[in-house]
Amino acid sequence: MEKIIEQTREYLKNAYVPYSNFRVAACVQTKDQLYFGANIENASYGLSNCGERSALFYAYSHGVRKEDIQAIYVVTTADVITTPCGACRQVMAELMPRDAKVILANDDEIQTYTVEGLLPHAFDAESM
Ligand SMILES: O=c1ccn([C@H]2C[C@H](O)[C@@H](CO)O2)c(=O)[nH]1
Ligand SMILES: [Zn+2]
């Protein structure tokens, strides 16, 4: 776990954050691969993409599918552990298994959640 967090931390430098200056890096873990991403902002702020979604979309773009995913790691340098935004929780509920781990880390601490724990009763394909 610490090794993957260290590798993910390397991607903080790739975050494009001219507006918030808040860097987030993420890593999607499958049985045998790691897919990294970082947050990418836009002058039209609402178009900014979080680190979590960057990593998930990158993994899917390389053929990864829901059942392949074991965990997503999310790394910041914030003083407190920050949890994923609502948009990312909804995307995680669509693209990751409910019991997949969401591992959050800053410089001092690691906290582990699940997709279900962060977004219980999610709206999904079965809801329609
Ligand atoms: O869990 C989070 C929370 C925020 N951000 C990004 C969005 C924006 O670029 C910046 C400030 O909200 O951090 C993430 O990438 N992940
Ligand atoms: Zn988000």
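Any read-out appearing in this document is the output of simple, stated calculations on the displayed coordinates, not a laboratory observation. Predicted, not measured: the structure shown is a model, and the values here were computed from it. Note: ideal-geometry Cβ built from the backbone for every residue, glycine included; neighbour counts use all protein chains shown.
Restricting attention to segment 104-117, does a residue exist that is within 18 Å of Lys3 (Cβ to Cβ), in contact (Cβ under 8 Å) with a residue 60 or more places away in the chain and away from ligand 2 (no atom under 13 Å from the Cβ)?
So far as segment 104-117 goes, yes, one or more of its residues are within 18 Å of Lys3 (Cβ to Cβ), in contact (Cβ under 8 Å) with a residue 60 or more places away in the chain and away from ligand 2 (no atom under 13 Å from the Cβ).
When the residues of segment 37-70 are narrowed to those that are crowded, with 21+ Cβ neighbours inside 10 Å and more than 12 Å from ligand 1 (Cβ to nearest atom), which ends up farthest from Glu10 (Cα to Cα)?
So in segment 37-70, the residues crowded, with 21+ Cβ neighbours inside 10 Å come out as 37-39, 50-56, 59, 69.
Remaining after also requiring more than 12 Å from ligand 1 (Cβ to nearest atom): 59, 69.
Details: Ala59: 18, Ile69: 21 Å.
If we take residues in segment 37-70 being crowded, with 21+ Cβ neighbours inside 10 Å and more than 12 Å from ligand 1 (Cβ to nearest atom), then Ile69 is farthest from Glu10 (Cα to Cα).
Criterion first (within 13 Å of the chain's Cα centre (by Cα), more than 15 Å from ligand 2 (Cβ to nearest atom) and free of Cβ contacts under 8 Å to residues at least 40 places away in the same chain) does Lys101 satisfy it? Before the answer, list the steps.
Values: within 13 Å of the chain's Cα centre (by Cα): yes; more than 15 Å from ligand 2 (Cβ to nearest atom): yes; free of Cβ contacts under 8 Å to residues at least 40 places away in the same chain: yes.
Criteria met by Lys101.
Condition first: touching a strand residue (DSSP E or B) at 6+ places or on another chain (Cβ under 7 Å), within 12 Å of ligand 1 (Cβ to nearest atom), under 17 Å from Ala15 (Cβ atoms) and not β-branched (Val, Ile, Thr). Can you find one or more residues in segment 76-94 that meet it?
Yes, because at least one residue in segment 76-94 is touching a strand residue (DSSP E or B) at 6+ places or on another chain (Cβ under 7 Å), within 12 Å of ligand 1 (Cβ to nearest atom), under 17 Å from Ala15 (Cβ atoms) and not β-branched (Val, Ile, Thr).
Could you pull out the residue among Pro84, Pro120 that is touching an Asp or Glu at 6+ places or on another chain (Cβ under 7 Å) and of a type outside the set (Val, Ile, Thr)?
Pro84
Can you find even one residue in segment 16-23 that is touching a residue at least 60 places away in the same chain (Cβ under 8 Å), surrounded by 14 or more Cβ atoms within 10 Å (Cβ to Cβ) and either among the hydrophobic types (A, V, I, L, M, F, W, C) or not in a loop (DSSP other than H, G, I, E, B) (or both)?
Checked segment 16-23: no residue is touching a residue at least 60 places away in the same chain (Cβ under 8 Å), surrounded by 14 or more Cβ atoms within 10 Å (Cβ to Cβ) and either among the hydrophobic types (A, V, I, L, M, F, W, C) or not in a loop (DSSP other than H, G, I, E, B) (or both).
Report yes if Val75 is surrounded by 12 or more Cβ atoms within 10 Å (Cβ to Cβ) and touching a Pro at 6+ places or on another chain (Cβ under 8 Å), otherwise no.
When the stated conditions are applied, Val75 does not pass them.
Failed condition for Val102, given (1) assigned to a strand (DSSP E or B); (2) away from ligand 1 (no atom under 11 Å from the Cβ); (3) crowded, with 16+ Cβ neighbours inside 10 Å, with all others met?
So Val102 meets the others, but not (2).
Can you name the number of the only condition in (1) part of a loop (DSSP other than H, G, I, E, B); (2) over 13 Å from the mean Cα position of the chain (by Cα); (3) more than 16 Å from Leu56 (Cβ to Cβ) that Gln111 fails?
Every condition holds for Gln111 apart from (1).
Which residues, counting only those in segment 39-98, are in contact with a Gly (Cβ under 8 Å, 6 or more places away or on another chain), in a helix (DSSP H, G or I) and not basic (Lys, Arg)?
Gly51, Glu52, Ser54, Ala55, Leu56, Phe57, Tyr58
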